[in-house]
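What follows is a single structure, written as structure tokens, with notes after it.
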């Protein structure tokens, strides 16, 4: 099938760029001697996860238990669920583990450690649990040098239904870096935080096998991963306008786009209307207020060449509004029916509206359709 | 099943509030003597559309051809697809019509009118086509008194594969009103625009049977619908924080919420972390910059009582960040595992992340699960 025959809006995935993005990350981490445990929350698709481990069902990170089930069904057995566990979700995790999956959980609280352990003991299961460490005050986790880290580690280690599996951090603040220097510093800060926590735990006599860190910016630019056992990163597989904006990739590396059709001309308001609105692009506007503000996504022609003077200025439910940054729109250049591509601000959010990736070769041939797993 | 047994995040739909919202709109339009053609893009769910016509498969408006197919399968036969048609989508529309559905299309361009007509003639189909009229410079459509309206009407009327089915407008700017007076004025402006276009077309000797207008604010507050044959409105079924913010409904009318669980305490940053992040809530932040800014949604307790001092200040992919507007968070009040409800900023966007509504009675019992139709 050709790209022109696709019904719009739909997702296009450029296989060559995807391959390049994955190879670059694999090669960088290989040089640093650390394993990649890709965060599959971005693509949520088996073929993409396989590519990350050279065709193998390698270790992965998931953001939902539904992803864990979906990837387990496809043969992936080594899975970290990298969102804080709560007791009400334990039966679902137990079912996954009882299906032979090495599913590891994450917490940052000693009381929850004890609850998980009690449940594990009752169910004859020993849950492997990681402790979330906060390396940059971005979101969740314990300060690396706090007593609470030891308290949680002790609760997991001493509990009969748990094993202390390791420590994990996510340098989410790296998204606010603006230069390679920033990312290198943030990667080192992330490394120091997580290895500090691991050392404190070991000093207390408790094993800490996994030392896990990662975000696409720090994974891309980190120079030294001494003490780290694995790196998680997610969006690097597709890249997006945000990552390009902060300098983590080039615009030309972005492998994912939304194919859309111009459906109306609004000449008295200098804009094109397309069929890719808020549903098709997501309402993510994370580039707002940055020096690389690009509305609801970068506008490209049907071959993927970015049209610098156009911007998606609005995204109603099923209507995208595209205008010029400067001067008048040349409506004759974009007749109704014209196909455009919108490169997403945030690939994870945009992809979530779709069930399928249309995998594209040579900018024109759709050679595969890859399913993805949504919801919870 | 009880609400407490639901896996989070998930959608809760309060049947009583849903009923009240629909009854109120039906009764208001009945008093004004005009038919409701609900825009089913909000709920995208058969049971909700049935409630809008007192259990019948009444006339509906859709935002995608996938919705048209889904509702056609459920017995709905009178459907307006209210997004500009492009020739590449005609085969799919034709298939729906050939299944016995009275599907009406929308355009705002004479060349497209001719293309549709030519395709209809070739396929032995007479497409019913409406003309989109711009009543408030919000999005698409032709100025009501422009010559172009007559040109398009003439092309549809004269074409052998089309019928001029009527005119349609959407007063989208009414979302920027802030008082009942504003909405009443905007409703009258919408009415004048669409009836002006209809009269001009009829004066030219072309029938214009459908005169369709609507948005939730104007449909709610309009006082006079003389000349209008039907009103489309969508979000009124659920209402949301945005509609409450501009005064179209009360917060207590909001029928839809996301059930979420507190998964972590971040004491040194004065925030709770929940499992309802950007995927579960959408990244819609349409209340940003308004006097009723409520972050990524209104926070309520598990029974739906709004907690005024809490705000969803951040929404990462699977992490919601909740903080206080004033003072310190009382963490003991919200232990890990606590269930909260988040009332969406924009119900249409939030609902789109889910396949199912958990229909709730008496704030506690889940009596039904209603499917919804996503994608394209």
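The values are calculated or read from the model by the stated rules, or taken from the named source; none is laboratory data. Treat the numbers as computed from the prediction; the structure is a model and nothing was measured. Here Cβ is always computed from backbone atoms with ideal geometry, including for glycine, and neighbour counts include all displayed protein chains.
Quick notes on this one:
- Criterion (outside any strand (DSSP E or B), touching a residue at least 12 places away in the same chain (Cβ under 8 Å) and closer than 19 Å to residue A:341 by Cα) met by exactly one of A:223, A:303: A:303
- Condition check for residue A:255: under 17 Å from the mean Cα position of the chain (by Cα), touching a residue at least 24 places away in the same chain (Cβ under 8 Å) and not assigned by TED's automatic domain parsing to the domain that holds residue A:354: no
- Subset of region A:227-243 [part of a helix (DSSP H, G or I) and free of Cβ contacts under 8 Å to residues at least 60 places away in the same chain]: A:243
- Of all residues in region A:316-330, those satisfying the criterion of being more than 10 Å from chain B (Cβ to nearest Cβ) and either surrounded by fewer than 16 Cβ atoms within 10 Å (Cβ to Cβ) or under 30 Å from the mean Cα position of the chain (by Cα) (or both) are A:320, A:322, A:323, A:325, A:326, A:327, A:328, A:330.
- If you go through region A:281-298 and keep only what is more than 9 Å from chain B (Cβ to nearest Cβ), in contact with a helix residue (DSSP H, G or I) (Cβ under 8 Å, 6 or more places away or on another chain) and part of a loop (DSSP other than H, G, I, E, B), you end up with A:287, A:290, A:291, A:292, A:294, A:296, A:297.
- Some residue of region B:336-349 being surrounded by fewer than 19 Cβ atoms within 10 Å (Cβ to Cβ), modelled with pLDDT of 95 or more, more than 22 Å from residue B:253 (Cβ to Cβ) and more than 9 Å from chain A (Cβ to nearest Cβ): yes
- The set of residues in region B:57-91 that are surrounded by fewer than 16 Cβ atoms within 10 Å (Cβ to Cβ) and in contact with a helix residue (DSSP H, G or I) (Cβ under 7 Å, 6 or more places away or on another chain) comprises B:74, B:87.
- Residue match in region B:285-292 (condition: in contact with a strand residue (DSSP E or B) (Cβ under 9 Å, 6 or more places away or on another chain) and in the same structural domain as residue B:333 (by TED's automatic domain parsing)): yes
- When region B:193-214 is filtered for residues that are at pLDDT 95 or above and under 18 Å from residue B:171 (Cβ atoms), the ones remaining, listed by number, are B:193, B:194, B:195, B:196, B:197, B:198, B:210, B:211, B:212, B:213.
- Test for residue B:248: is it in contact with a helix residue (DSSP H, G or I) (Cβ under 7 Å, 6 or more places away or on another chain), in a loop (DSSP other than H, G, I, E, B), crowded, with 21+ Cβ neighbours inside 10 Å and away from every other protein chain (no Cβ under 14 Å): yes
- Single residue of region B:119-137 satisfying the filter (within 14 Å of chain A (Cβ to nearest Cβ) and surrounded by fewer than 20 Cβ atoms within 10 Å (Cβ to Cβ)) that is nearest to residue A:268 (Cα to Cα): B:137
- Qualifying residues in region B:252-274 (those that are within 8 Å of another protein chain (Cβ to nearest Cβ) and within 14 Å of residue B:313 (Cα to Cα)) - the one surrounded by the fewest Cβ atoms within 10 Å (Cβ to Cβ): B:269
- Of the residues making up region B:236-251, just one is over 17 Å from the mean Cα position of the chain (by Cα) and closer than 26 Å to residue B:318 by Cα, namely B:251.
- Residues in region A:275-302 that are at positive phi and over 20 Å from the mean Cα position of the chain (by Cα) were compared, and the one that is surrounded by the fewest Cβ atoms within 10 Å (Cβ to Cβ) is A:289.
- Scanning region A:304-315 for residues that are in contact with a helix residue (DSSP H, G or I) (Cβ under 8 Å, 6 or more places away or on another chain), within 11 Å of chain B (Cβ to nearest Cβ), surrounded by fewer than 20 Cβ atoms within 10 Å (Cβ to Cβ) and over 25 Å from residue B:374 (Cβ atoms) turns up nothing.
- Of all the criteria given as (1) touching a helix residue (DSSP H, G or I) at 6+ places or on another chain (Cβ under 8 Å); (2) buried (at least 17 other Cβ atoms within 10 Å of the Cβ), the one not satisfied by residue A:53 is (1).
- Remark: pairs (first residue in region A:90-109, on the phi > 0 side of the Ramachandran plot and away from chain B (no Cβ under 14 Å); second residue in a helix (DSSP H, G or I) and modelled with pLDDT of 95 or more; Cβ separation under 8 Å; 6+ apart in sequence or on different chains) are absent.
- Members of region B:362-376 that are in a loop (DSSP other than H, G, I, E, B) and within 14 Å of chain A (Cβ to nearest Cβ): B:372, B:373, B:374, B:375, B:376
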